[in-house]
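> Sharing a structure, written as C-alpha cells. Questions coming.
The values are calculated or read from the model by the stated rules, or taken from the named source; none is laboratory data. This is a predicted model, so every value here is computed, not measured. When we count neighbours, we look across all protein chains shown, and the Cβ atoms used for this are built from the backbone with ideal geometry, even at glycine. Side chains included, ligands, DNA and RNA excluded: accessible areas come from the protein's heavy atoms. Shrake-Rupley method; radii C 1.70, N 1.55, O 1.52, S 1.80 Å.
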Amino acid sequence: MMRRLGAGRRVMLALAAAGALASLAGVAARAEQAIPEQQVKAAYILNFTRYANWPAPALVEPHAPLVVCMVGAGAADMARQLQHRAAGSHPLELRVVSRVEETEPCHAVYLALPERSRQSAWLTRMREQAILTIGDSANFLADGGMINMMLVDGSIRFEVNLTAAKHSGVSLNPRMLALAERVVGGDSK
C-alpha cells in the first residue's frame with residue numbers, strides 16, 4: 001500500500017512540475033537538488049485545483065479561467081510560481097488578495113495567515129461559497145478549511161476536511177483523497 005501511495009504522489013507532482021521537482025513520496029532530494037518548500041506547495045495547489053470539481057454555476061464554461069487567490073505571507077511569490085498554468089482546460093488566473101471580500105470571484109483560496117483568529121474569520125466568511133480552501137496551519141481543518149498541507153519528515157503531505165468540501169459543493173476526486181495523510185468527515189482509508 002505504501003508503494004502505491006508513493007508512486008501516486010510522484011505522478012501527481014510530475015504532472016504539476018513537468019518532471020522538474022523531486023518525489024513527493026518522502027524520498028529526500030540530494031542537497032544540491034533541494035526544492036524550496038514554497039515551490040512544492042505551489043505544485044500541490046495546482047494539483048488540488050486539477051482534482052476538484054465546482055458546482056454550477058461556479059465554473060460552467062469549459063475554458064473559463066479558474067481564479068486562484070493567495071492570501072498572506074509569500075502570496076505574491078506563490079502566485080508567480082503558478083503563472084501560465086492550467087487546471088485541465090481552465091487557465092489559472094492568479095490574484096493576491098488582502099481582504100476576505102476580494103475572494104468572491106475566487107474558485108480556490110490559499111490562506112497563509114499566521115493568526116488563527118484571522119484564518120477562522122476568513123474561513124467562516126467563505127464557508128457558504130463554492131471555494132476550495134487550502135492552507136498550511138495546524139488548525140486549518142478544525143477552522144473549516146478543506147485541504148491542509150503540512151511538513152512531515154521533510155516532505156509535504158496533506159489532509160482533507162471532506163465535510164467542509166461537501167458543505168461548499170466542491171467535490172474532490174477519490175484518487176486525491178486516497179493520497180491524503182488523513183481525511184476528516186469521510187470514509188477512512
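> Give the number of residues within region 75-122 that are closer than 18 Å to ASP143 by Cα and in contact with a Leu (Cβ under 8 Å, 6 or more places away or on another chain).
5
> Conditions: (1) open to solvent by less than 30 Å² (accessible area, probe 1.4 Å); (2) not in a helix (DSSP H, G or I). LEU123 meets all but one. Number of the miss?
(2)
> Then there is this: Restricting the first residue to region 127-150 and requiring it to be in contact (Cβ under 8 Å) with a residue 24 or more places away in the chain and on the phi > 0 side of the Ramachandran plot, which pairs with a second residue that is crowded, with 16+ Cβ neighbours inside 10 Å and hydrophobic (A, V, I, L, M, F, W, C) meet a Cβ separation below 9 Å and a spacing of at least six or different chains?
Close Cβ pairs satisfying both conditions: GLY144/LEU123; GLY144/MET126; GLY144/ALA164.
> Something else now. Within region 162-189, take every residue that is within 19 Å of CYS106 (Cα to Cα) and of a type in the set (S, T, N, Q) and give me the one that is surrounded by the most Cβ atoms within 10 Å (Cβ to Cβ).
Quick first cut of region 162-189, residues within 19 Å of CYS106 (Cα to Cα) only: 164-172.
Now narrow it down to the ones that are of a type in the set (S, T, N, Q): 168, 171.
Details: SER168: 21, SER171: 15.
My answer is SER168.
> Which pairs turn up if I take residues in region 167-179 that are in contact (Cβ under 8 Å) with a residue 40 or more places away in the chain and look for partners that are of a type in the set (Phe, Trp, Tyr) with beta carbon separation below 6 Å, at least 6 apart in sequence or on another chain?
Listed pairs, sorted by first residue: VAL170/TRP54; ASN173/TYR51; MET176/TYR51.
> Taking ALA165, is it over 19 Å from ALA75 (Cα atoms), under 16 Å from the mean Cα position of the chain (by Cα), among the hydrophobic types (A, V, I, L, M, F, W, C) and assigned to a helix (DSSP H, G or I)?
On the way: over 19 Å from ALA75 (Cα atoms): yes; under 16 Å from the mean Cα position of the chain (by Cα): yes; among the hydrophobic types (A, V, I, L, M, F, W, C): yes; assigned to a helix (DSSP H, G or I): yes.
The answer is yes for ALA165.
> Could you list, in sequence order, the residues of region 57-103 that are of a type in the set (A, V, I, L, M), open to solvent by less than 70 Å² (accessible area, probe 1.4 Å) and part of a loop (DSSP other than H, G, I, E, B)? Can you show your working first?
First, the residues of region 57-103 that are of a type in the set (A, V, I, L, M): 58-60, 64, 66-68, 70-71, 73, 75-76, 78-79, 82, 86-87, 92, 94, 96-97, 100.
So of that shortlist, the ones also open to solvent by less than 70 Å² (accessible area, probe 1.4 Å) come out as 58-59, 64, 66-68, 70-71, 75-76, 78-79, 82, 86-87, 92, 94, 97, 100.
Result: ALA58, LEU59, ALA64, LEU82, VAL97.
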